[in-house]
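Values quoted throughout were computed directly from the atomic coordinates according to the rules given, and no laboratory measurement underlies them. Nothing here was measured: the structure is a model prediction, and the numbers come from that model. All Cβ positions, even for glycine, are placed from backbone atoms using ideal geometry, and neighbour counts span all protein chains on display.
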Amino acid sequence: MQTGFIQIVNGNVITPFAIHYHASVLVKDGRIEGVFPDNRSLLEVETIDARGRFVSPGFIDLHVHGGGGHDFMDGDLEGFLEIARMHGRHGTTSMVPTSLTSTREQLLALLSTYEKATHANDRGAVFLGMHLEGPYFAMNQRGAQDPRYIRDPDPEEYEEILNYSHLIARWSAAPERKGALEFGRRLREKGVLAAMAHTDAVYEEVLAAVEAGYTLSTHLYSGMSGVTRKNAFRYAGVIESSLLLDALDVEIIADGIHLPAPLLKLIYKIKGPDKIALITDAMRGAGMPEGESMLGHKEDGLKVIIEDDVAKLPDRSSFAGSVATADRLVRTMLRQADVSMLEAVKMISQTPARIMGIENKKGAIQEGMDADLLLFDSNIMVSMTMVEGKVIHHTETEAISQ
C-alpha cells in the first residue's frame with residue numbers, strides 16, 4: 001500500500017473549466033495530485049469508486065450562523081464542532097462562522113470559543129475565520145438583528161476586537177453610519193474583508209464605501225435599500241449599486257425562498273458566476289425538524305418558528321433566517337435559475353475562495369490544491385465529503401476499497 005495516496009475513480013470530475021466524464025482524481029497527503037481522463041486504478045492505492053457520480057470541489061460557505069440545533073452565538077465549543085459536522089454532511093468543506101449583533105463582551109467571548117474550536121475541529125468543515133455581522137447597522141434595515149445593540153462604529157471598541165485580527169476574516173456593516181468609512185479603511189489595513197449589510201445607503205454612499213475598502217454586498221436584497229425617493233428625486237440604493245458596480249462581489253441566499261427565481265436569474269445575468277457567492281446564512285434550525293427555534297444565543301436570542309423550509313418571526317410577518325444547507329443552494333440554482341452545473345458549483349467553491357483570498361489552495365480541483373472533494377448525484381445528494389484528504393462523511397463505506 002502506498003501510504004498517503006487516495007484515488008477516486010469512475011467519476012464525472014468538475015474542474016474550473018469543464019466536466020471530465022469517466023475520469024479519476026488522485027490525492028496525496030491531503031492535496032490533489034492530478035486529474036486523469038480514465039478510470040484505471042493504480043496498484044496498492046486506497047480507492048473510492050464514485051460510481052458515475054460527480055466529483056466536485058468542496059462547498060465554501062462564507063456566511064453561516066448555525067445548524068443541527070446549535071448557533072455560534074451560544075459560545076459553546078461542542079456546538080461549534082457539531083455545526084461544522086452537520087454542514088459537512090451536506091457538502092460544506094470550509095465555512096466562515098458568523099455572529100449576530102451583540103455586546104462587545106459577547107463578541108470577545110465568541111472569538112475565544114472560535115479559537116478553541118479551530119484546534120478541536122477534525123470531523124467537519126474547516127473554519128476560515130470569523131464573520132462579524134454587526135453591530136454597526138441601519139436600524140430600519142436590521143431585519144432580525146437585535147435592536148438593543150445596534151450602534152455606530154466606535155474606534156475604541158473595534159480596535160479592541162481587531163486585536164483578535166488573526167481570528168476575524170470579514171466584518172459586515174452599514175457604510176452610511178457615522179464613522180463607517182473610517183472603519184472600512186481600518187479593516188482594509190488589517191486585511192479583514194469589509195462588507196456592506198443591513199444598510200440604507202444610496203449610490204453615492206456606496207461609491208464612498210467602495211473607495212474606503214468595502215468589496216462585498218452581504219446577502220443581496222436582504223436587509224438593504226433599493227430605489228428610494230428624497231425630495232421627489234429617485235436615488236439608487238444598495239441593491240442597484242451592487243448590481244451596477246463591478247468592484248462589488250455579492251453573496252445570495254439561494255434557498256429558493258429568500259430570493260424567487262426571477263431575482264436569481266437577474267442577479268446571475270448581471271453579475272455572472274465570477275462575482276456571486278452562494279451562502280446558506282443558516283441558523284440553528286438547519287438540519288432540524290419544523291417547529292419553534294431560536295435565532296442567536298439560546299438564552300437571549302429571538303424566538304422564531306421554522307416552517308415552509310425557512311425561519312420566520314412568530315407572527316409570520318417576516319423571514320428570520322435560512323435553514324438551508326449548501327447542497328440545497330446548488331439545487332436551487334440548477335432548477336430555478338437555469339444555471340449550468342459547472343457555474344452553479346463555481347459560485348459555491350471557486351468564487352467564494354477568491355473572495356476570501358484562498359483561491360491558491362481551495363475552491364477547485366487542480367493539482368496542488370487542498371483535497372476538499374465531494375461526491376454527489378444529479379440531484380446534488382452528497383454521498384461523500386472529503387476535507388484536506390480526510391473522508392469525514394460517506395454514505396457508502398463499501399465503495400472504499402483497499
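For TYR21 and LEU244, the FRET efficiency from 1/(1 + (r/R0)^6), where r spans their Cβ atoms and R0 equals 60 Å, is about 0.95. Once the Cβ-Cβ distance of GLU182 and ASP315 is raised to the sixth power relative to R0 = 30 Å, the FRET efficiency obtained is 0.20.
A full extension of the chain between ASN360 and GLU396 corresponds to an added length of 9.9 nm, given 0.36 nm per residue minus the alpha carbon distance.
Relative contact order for region 59-355: 19 percent, from Cα pairs under 8 Å spaced at least 6 residues apart, divided by residue count. Distance from the alpha carbon centroid of region 71-136 to that of region 278-314 works out to 16 angstrom.
Summing charges over neighbours of GLY321, with a neighbour being any other residue whose Cβ is under 9 Å away from its Cβ, gives +1 when K and R count +1 and D and E count -1.
Pairs exceeding a 23 Å alpha-carbon distance, out of LYS178/LYS230; LYS265/LYS303; LYS265/LYS312; LYS116/LYS298: LYS265/LYS303; LYS265/LYS312. Highest mobility in the GNM of the chain, judged by mean-square fluctuation with C-alpha springs under 10 Å and restricted to ILE257, ILE276, ILE239, is found for ILE257. Matching the structure-derived Rg and Dmax of the Cα atoms in Å against the labelled list [x] 20.8, 75; [y] 20.5, 63; [z] 23.4, 76 gives the label [x].
The slack between ALA208 and MET139, meaning 0.36 nm per residue of separation minus the straight C-alpha distance, is 22.8 nm.
In the elastic network of the chain, a GNM with C-alpha springs shorter than 10 Å, the most mobile of ASP370, ASP255, ASP154 is ASP154. Taking 0.36 nm per residue of separation and subtracting the Cα-Cα distance, full extension of the segment from GLU156 to GLU299 would add 48.7 nm.
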